[in-house]
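These notes concern the structure reproduced below.
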Amino acid sequence: MRLISICPSNTELLAYLGLTDKIIAVDDFSDWPKEIQNLPRLGSDLNIDMDKVEQLKPDLVIASLSVPGMERNIEQLEKRNIPHIVLNPNSLEDIYQDMLLVGKKMNIEEEANRVASKFLADIEALKQANQEKNRGRIYWEWWPKPIFTPGQTNWLTNISEIVGGENCFSDYKKASVQTTWEEVVQKNPDHICMVWVGVQENKMKLEAITKREKANEINAVQKNNLYILEESLFCRPSPRVIEGIKKLSKTLREL
């Protein structure tokens with residue numbers, strides 16, 4: 001089987017399933033595992049070179065709808081009759097189900113069941129390890145202008161709960177929420193996690209938060225509970241979020 005992944009989270013999921021050696025090309029942003037570094041690149045995940053995809057004659061393209069705009073890729077795959085499946089995970093449960101789906105499609109159901117079950121077991125173990133922790137309300141900033149943050153049905157809400165906290169925007173019953181800084185101030189989070197999608201940590205500064213109007217009224221700012229986190233470990237819905245949860249457990253201060 002010749003596989004193409006056109007989204008970083010899909011590339012990571014394939015790696016967890018032991019399918020890295022089947023991948024023949026990836027999008028520009030896929031950077032893990034190291035074995036895919038020298039593969040042909042197909043453009044950004046929102047602007048895939050479909051002519052090149054077609055020329056490579058893949059047996060299966062692993063596509064995604066995890067970012068607005070990716071639907072254009074799906075339209076092109078359908079138009080060109082390129083065999084593909086579409087993953088659109090929002091929660092940790094969705095990531096688990098996607099591993100089973102890809103495993104079934106690739107005829108490695110037993111291995112996929114094993115890997116997916118370990119994923120759930122690791123989540124449960126981390127939840128148990130943090131069950132006595134009190135980390136209060138967490139604000140995750142995905143994008144600053146306009147402000148986007150995860151809502152109730154997003155994996156970062158799951159992760160907040162696993163580490164003993166609560167996503168302060170979990171009252172919005174959707175995966176992604178466009179909000180305002182005024183509402184963030186009103187919700188008064190105990191922790192602020194900066195994970196701007198597609199932006200490396202060294203390109204972000206905490207002053208982007210602390211210099212905003214009324215920022216000093218927020219508990220997180222007053223207590224210096226401000227964190228710049230690895231985008232690749234928190235913004236990609238792949239099994240690799242386990243690594244992110246482990247790091248977050250050690251990073252967030254208790255109240």
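By how many nm would the segment from Arg80 to Lys211 lengthen if fully extended, with 0.36 nm per residue of separation less the alpha-carbon distance?
Extra length from Arg80 to Lys211 when fully extended: 42.3 nm.
Could you name the aspartates and glutamates in cross-link range of Lys247, using Cα to Cα under 12 Å and dropping any fewer than eight places away on the same chain?
Straight-line reach from Lys247, under 12 Å: Glu230.
Between Thr153 and Leu101, what's the calculated FRET efficiency when r is the beta-carbon distance and R0 is 30 Å? Round to 0.05.
0.95
For the range 3-107, state what percent of all Cα-Cα pairs lands in each successive 10 Å bin, counting from 0 Å until the bin that includes the largest distance.
With 10 Å bins starting at 0, P(r) equals 15, 54, 30, 1.
Mind checking which aspartates and glutamates have their Cα closer than 20 Å to the Cα of Lys104? Skip sequence neighbours fewer than 8 apart in that chain.
Cα-Cα hits under 20 Å: Glu12, Asp21, Asp59, Glu93, Asp94.
Cut-off 10 angstrom, C-alpha nodes, Gaussian network model of the chain. Which of Ser30, Ser170, Ser117 fluctuates the most?
Highest fluctuation among the options: Ser117.
Do any of Lys79/Lys173; Lys127/Lys187; Lys57/Lys118; Lys34/Lys246; Lys118/Lys205 go past 28 Å between their Cα atoms, and which?
On the way: Lys79/Lys173 33 Å; Lys127/Lys187 25 Å; Lys57/Lys118 33 Å; Lys34/Lys246 21 Å; Lys118/Lys205 36 Å.
Those over the limit are Lys79/Lys173; Lys57/Lys118; Lys118/Lys205.
At 0.36 nm per residue, and after removing the present C-alpha to C-alpha distance, how many nm does the segment from Glu230 to Arg2 gain when stretched out fully?
79.0 nm
Suppose R0 equals 22 Å; then what is the FRET efficiency for Glu124 and Thr251 from their Cβ-Cβ distance, rounded to the nearest 0.05?
0.60
Calculate the all-directions average of the projected area of the chain's alpha-carbon convex hull, and give it in nm².
Mean orientational projected area (the chain, Cα hull): 13.3 nm².
Quick one: longest stretch of the chain between exposed loop trypsin sites (Lys or Arg not before Pro), exposed meaning at most 10 other C-beta atoms within 10 Å and loop per DSSP?
Here the longest segment lacking exposed loop sites spans 1-172.
Give the dimensionless ratio obtained when the Cα radius of gyration of the range 8-48 is divided by 2.2 N^0.38 Å.
Rg over 2.2 N^0.38 Å, computed on Cα atoms: 1.03.
Only the coordinates and a few stated rules stand behind these numbers; no lab work does. Computed from a predicted structure; not experimentally measured. Counting neighbours? That spans all protein chains shown, and the Cβs are built from the backbone with ideal geometry, glycine included.
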